[in-house]
Amino acid sequence: MRRTEIFVPALSLLILASVPGAGQVLPALGSIQGRVLTSDNKPVAGAEVTASSGAAPLITKSGLDGGFQFAGLAAGTYLVCAQSQPGLLNPCLWSAAPAGIAVTSGAAVTGVVVRMLPAVSLSIRLNDPNRLISANEGKTDGAYLMIGVWTPAHLFISARVTSNDAGGRTYTLEAPSNVAFQPGIHSKAFRFADTAGKAISTDLALASVTLSGSVQPAPLTVTVSGIVAQ
């Protein structure tokens, strides 16, 4: 029995020494904790919150109080963003240089606030008196429509179709209040004109627009005037 007691510890040490990484100290992991709030400090529940640092983003949901947490984070700088219901905009999309959150080894970063931006809707009416869209879209080479806006973060956000009728389509675009932006339209097949019949270059923005939360903006109106010769 004595001999067994002598060799068991030695055998254990031999096994431990043969395990890769045995005895190494792993770096401590950090965390980020915060809340998703509106511009008037109301909590945003159920927002999709992401934390990214060059790899696939981590995703969680905000709680009833707007709270969220990311644990087990390696040291690095994380961009924390939030996406929610219509009427609230992801602040990361509308900032030219979103601020990152620095997490050091083993540190818990608390008190982070992701502040959603209030959205104002702009209608874009696309008149199609000759029904060129229905006759060519998806059938003629280049007959697609891109209507939307480039954000300060250099991301294109498409306007959504809110109605279709015999005379054309209506699109709706959401943008922050009191921020200048330029909605635009692009297609390789369709020609466009403004309300005065003047041709619109699809390489240029439709107009420079600044929306106010207190004033409903007038719709932008564009007409499909023809097809580009193939």
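The table below lists the values:
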quantity	calculated
Enumeration of residues in the stretch 162-180 that are within 20 Å of the chain's Cα centre (by Cα) and surrounded by fewer than 14 Cβ atoms within 10 Å (Cβ to Cβ)	Asn178, Ala180
Pairs, first more than 16 Å from Val222 (Cα to Cα) in the stretch 154-174, second polar (S, T, N, Q), C-beta under 7 Å, six or more apart	Ile157/Thr151; Glu174/Ser121
Listing of strands (runs of 3 or more DSSP E) fully contained in the stretch 84-153 that carry 1 or more residues being under 22 Å from the mean Cα position of the chain (by Cα) and touching a residue at least 60 places away in the same chain (Cβ under 8 Å)	101-103, 108-115, 117-127
Filter result for Pro20 (within 26 Å of Leu155 (Cα to Cα) and either among the hydrophobic types (A, V, I, L, M, F, W, C) or at pLDDT below 95 (or both))	no
Hits in the stretch 108-131 - residues which are surrounded by fewer than 19 Cβ atoms within 10 Å (Cβ to Cβ) and over 16 Å from Glu174 (Cβ atoms)	Ala108, Val109, Thr110, Gly111, Val112, Val113, Arg115, Arg125, Asn127, Pro129, Asn130, Arg131
Filtered residue count, the stretch 46-64, keeping only those that are surrounded by 14 or more Cβ atoms within 10 Å (Cβ to Cβ) and in contact with a Gly (Cβ under 8 Å, 6 or more places away or on another chain)	3
Residues located in the stretch 149-161, provided they are at pLDDT 85 or above and either more than 21 Å from Ser201 (Cα to Cα) or surrounded by fewer than 18 Cβ atoms within 10 Å (Cβ to Cβ) (or both)	Phe156, Ser158, Arg160, Val161
Pairs, first without any contact (Cβ under 8 Å) to a residue 60 or more places away in the chain and hydroxyl-bearing (Ser, Thr, Tyr) in the stretch 184-198, second surrounded by fewer than 16 Cβ atoms within 10 Å (Cβ to Cβ) and part of a loop (DSSP other than H, G, I, E, B), C-beta under 8 Å, six or more apart	Ser187/Gly142; Ser187/Tyr144
Filter result (among the aliphatic types (A, V, I, L, M) and modelled with pLDDT of 85 or more) within the stretch 184-208	Ile185, Ala189, Ala193, Ala196, Ala199
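Quick grid of which residues meet (1) hydrophobic (A, V, I, L, M, F, W, C); (2) outside any loop (DSSP other than H, G, I, E, B); (3) at pLDDT below 55:
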| site | (1), (2), (3) |
| --- | --- |
| Thr4 | no, yes, yes |
| Phe7 | yes, yes, yes |
| Leu26 | yes, no, no |
| Ser31 | no, yes, no |
| Ala45 | yes, no, no |
| Val49 | yes, yes, no |
| Ala56 | yes, no, no |
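The values are calculated or read from the model by the stated rules, or taken from the named source; none is laboratory data. Bear in mind the structure is a predicted one, so any value in this text is a computation, not a measurement. Every residue, glycine among them, receives a Cβ derived from its backbone with ideal geometry; neighbour counts consider all protein chains shown.
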